[in-house]
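*Asks:* Handing you a structure now.
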Amino acid sequence: MKKQINGTPGYQKYLKDRKKEAFNIHFLQIFLLVAFLIFWEVGAQLGFIDDFLFSKPSAVWNILVKYVSNGEIFKHLGISLYETIVGLIIGTCSGLFIAICLWWSEKLAKIFDPFLVVLNALPKTALAPILIVWVGTGVKGIVVISIITSIAVTILSAYNYFSTVDEDKIKLMKSFGASKFQILTKLVLPSNTSNMINLLKINIGMVWVGVIVGEFIASRAGLGYLIVYGGQVFNLSLVMMGILVLAICTLLMYQLLGYYEKKLKKRQGANK
């Protein structure tokens, strides 16, 4: 039946329209980016934009080539990526574990609800100096800051996902004698796979914020250190280069996760 639908002219036209729309969107995205860079460069060259304060694309590119050629950028990038990946894994896994515990025990969820709300409402960057004093400087302190920035969002979001699973399905499983662990592993977690991936996408940005803030405060290496050092010596090209590399890394991580999500959806669709 599915093959018959896929072979119909209407379905083929739908696929063609979808591909055309995707191409148009990508073209417009690239066009806007190129137009922005040209406007920025020409504006700086003609004096409409102060290149001392805003730099210019050619200057940013030159300093990027310099840092790539001497290998300095890879040192800073490697440190920041390590801190981000460790913080992302620990923060997400810890948050999911706590969310499962809260889903498992309604009483526990009621006890911790106000504390989680307050923790989520607090600006995490305000806690960074305190955490650095408690944990110490370097990678360990920065990883802790990155975990704190993402864990509260992970707990609250995941617990909300788990709590909104179809109650009728849960009752049906209970009527067949399913244990709470079976309900969790066979229904709650599998039905929230897409939600977990979306949560990871959110956490990528949150963890990067924690890492950069931590490197602003207490680090002698990393992208955050490059950015704050460039600001201190009034080298705005270095600042823009650090921001550019940071944006590319975040985009690549996001796209990698999006690619995995597409593959997962195709697999799930094929199994139906």
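For every residue, the table says whether it meets (1) modelled with pLDDT under 75; (2) hydroxyl-bearing (Ser, Thr, Tyr); (3) open to solvent by 90 Å² or more (accessible area, probe 1.4 Å).
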{"site": "4", "(1), (2), (3)": "yes, no, yes"}
{"site": "37", "(1), (2), (3)": "no, no, no"}
{"site": "41", "(1), (2), (3)": "no, no, no"}
{"site": "55", "(1), (2), (3)": "no, yes, no"}
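*Asks:* Going by the structure shown, is residue 145 in a helix (DSSP H, G or I) and closer than 14 Å to residue 159 by Cα?
*Replies:* no
*Asks:* Which of the residues belonging to the range 106-150 are open to solvent by less than 40 Å² (accessible area, probe 1.4 Å) and of a type in the set (Gly, Ala, Ser)?
*Replies:* 109, 128, 136, 138, 141, 146, 150
*Asks:* If I filter the range 223-272 down to residues being open to solvent by 100 Å² or more (accessible area, probe 1.4 Å) and not in a helix (DSSP H, G or I), which single residue comes out as modelled with the highest pLDDT?
*Replies:* Only one residue fits best here, namely 234.
*Asks:* Between residues in the range 20-48 that are free of Cβ contacts under 8 Å to residues at least 24 places away in the same chain and closer than 19 Å to residue 62 by Cβ and residues that are open to solvent by less than 80 Å² (accessible area, probe 1.4 Å) and not in a helix (DSSP H, G or I), which pairs lie under 6 Å by C-beta distance while being six or more apart or on different chains?
*Replies:* Final answer for the pair search is 41/56; 43/49; 44/56.
*Asks:* Which of the residues spanning the range 196-211 are more than 12 Å from residue 87 (Cα to Cα) and β-branched (Val, Ile, Thr)?
*Replies:* The answer is 197, 202.
Let's see how each residue does on (1) open to solvent by 60 Å² or more (accessible area, probe 1.4 Å); (2) over 23 Å from residue 231 (Cβ atoms); (3) assigned to a helix (DSSP H, G or I); (4) at pLDDT 90 or above:
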{"position": "16", "(1), (2), (3), (4)": "yes, yes, yes, no"}
{"position": "20", "(1), (2), (3), (4)": "yes, yes, yes, no"}
{"position": "34", "(1), (2), (3), (4)": "yes, yes, yes, yes"}
{"position": "44", "(1), (2), (3), (4)": "no, no, yes, no"}
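*Asks:* Right, next: Output the number of the condition that residue 195 fails; it satisfies all remaining conditions of (1) assigned to a helix (DSSP H, G or I); (2) over 24 Å from residue 97 (Cα atoms); (3) open to solvent by 20 Å² or more (accessible area, probe 1.4 Å).
*Replies:* (2) is the only condition that residue 195 fails.
*Asks:* Still on this model: Working only within the range 57-87, note down all residues that are of a type in the set (D, E, K, R) and either exposed (fewer than 15 other Cβ atoms within 10 Å of the Cβ) or closer than 18 Å to residue 237 by Cβ (or both).
*Replies:* Selection gives 66, 72, 75.
*Asks:* Something else: Could you say whether any residue in the range 95-110 is assigned to a helix (DSSP H, G or I), in the same structural domain as residue 264 (by the TED database) and either touching a His at 6+ places or on another chain (Cβ under 7 Å) or within 30 Å of residue 223 (Cα to Cα) (or both)?
*Replies:* Checked against the condition, which is being assigned to a helix (DSSP H, G or I), in the same structural domain as residue 264 (by the TED database) and either touching a His at 6+ places or on another chain (Cβ under 7 Å) or within 30 Å of residue 223 (Cα to Cα) (or both), the range 95-110 yields at least one hit.
The values are calculated or read from the model by the stated rules, or taken from the named source; none is laboratory data. Source: prediction; values computed, not measured. Counting neighbours? That spans all protein chains shown, and the Cβs are built from the backbone with ideal geometry, glycine included. In case anyone asks, the SASA skips ligands and DNA or RNA and just uses the protein heavy atoms, side chains included. Shrake-Rupley method; radii C 1.70, N 1.55, O 1.52, S 1.80 Å.
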